[in-house]
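The values are calculated or read from the model by the stated rules, or taken from the named source; none is laboratory data. Since we're looking at a predicted model, the values are computed, not measured. Cβ placement follows ideal geometry from the backbone for every residue including glycine, while neighbour counts extend to all protein chains displayed. In case anyone asks, the SASA skips ligands and DNA or RNA and just uses the protein heavy atoms, side chains included. Shrake-Rupley method; radii C 1.70, N 1.55, O 1.52, S 1.80 Å.
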Amino acid sequence: MTINKDDLLNSILDSLGRIQHIEVDDIPDIDLYMDQVTTFMDEKLKNSVRNPREDKILTKTMINNYAKNNLLPPPVKKKYSKEHVVLLIFIYYYKGILTISDIQKLLNPLTERFFHHDGFDLSSIYTEVFSLEGENVERLKEDMMKKFQDAQTTFQEVQGKEREFLQFFSLICMLSFDVYVKKLLIEKLIDEFDPQGDKQRQETKKEKG
């Protein structure tokens, strides 16, 4: 199959331009039952999945598992607050690249300090973090265009459809390596930032002292 390079690049850039997160003001201020939570998440994030008709954003089983793994505080009278939904959004974005253990290391301190906290709460944190989205998407577009152009310089000695495919393969390899390296960096950062480990080390020092 012939790959139209201009169409491919434009399609990729258009898809990046459509990336959106859930605005904190879009999250209901009232507490929701589980069915209402799954419906809300599905409506807001369905377009972000590869196969919208098949892929599930969130299920009851997922929510129950998150609670069992201490990723999510228990609901109150079977209802989930706005901050529960904020945590579920974070989990949704993390679960594709991080283990449950790593997500726990990130979210547990956040929940302990800011869940239902007076003043600066999880909603405030969510708003601050995602305020950087627009700038980051523009940088992603620039990086994507650079990688696309670099891929077009490869395999010049090959002719026809073979060169077309190999250049496409080069682009996939560059993007995949980028994801691989960033995943390693994220894991390294999480390993370095371990509040529980710091606490245990301090307690050990006290015992030895």
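Taking the Cβ of Glu23 as the centre, find all other residues whose Cβ is under 11 Å away and add up their charges (Lys, Arg: +1; Asp, Glu: -1).
Details: positive: Lys44; negative: Asp25, Asp26, Glu133.
Net of charged neighbours comes to -2.
I'd like to check one number: the per residue accessible area of region 106-174, probe 1.4 Å, reported in Å² as a whole number. Could the numbers behind the result be given before it?
Details: 4470 Å² over 69 residues.
With all protein chains present, region 106-174 gives 65 Å² per residue.
Specify whether the C-alpha gyration tensor of region 65-115 places it in the rounded, prolate or oblate class, a ≥ b ≥ c being the square roots of the eigenvalues: rounded for a/c under 1.5, otherwise prolate if a/b is larger than b/c and oblate if not. Mind dumping the intermediate values first?
Details: a/c = 1.71, a/b = 1.55, b/c = 1.10.
Here region 65-115 falls in the prolate category.
Sort 142-148, 46-52 by the packing proxy (mean of other Cβ within 10 Å over each peptide's residues), most packed first.
Numbers: 142-148: 14.9, 46-52: 10.7.
Highest mean packing first, the order is 142-148, 46-52.
Under a point spin-label approximation (7 Å from Cα along Cα-to-Cβ), what is the Ile186-Ser124 distance to one decimal in nm?
It works out to 2.7 nm between the two label points.
Compare Tyr92, Tyr180 by solvent-accessible area with a 1.4 Å probe and give them largest first, with all protein chains kept in place.
On the way: Tyr92 40, Tyr180 130 Å².
Accessible-area ranking of Tyr92, Tyr180, largest first: Tyr180, Tyr92.
Keeping the other protein chains in place, figure out the carbon and sulfur percent of the accessible area of region 118-190, with a 1.4 Å probe. Spell out each step's value before the answer.
On the way: 3250 of 5000 Å².
Carbon plus sulfur share of accessible area: 65 percent.
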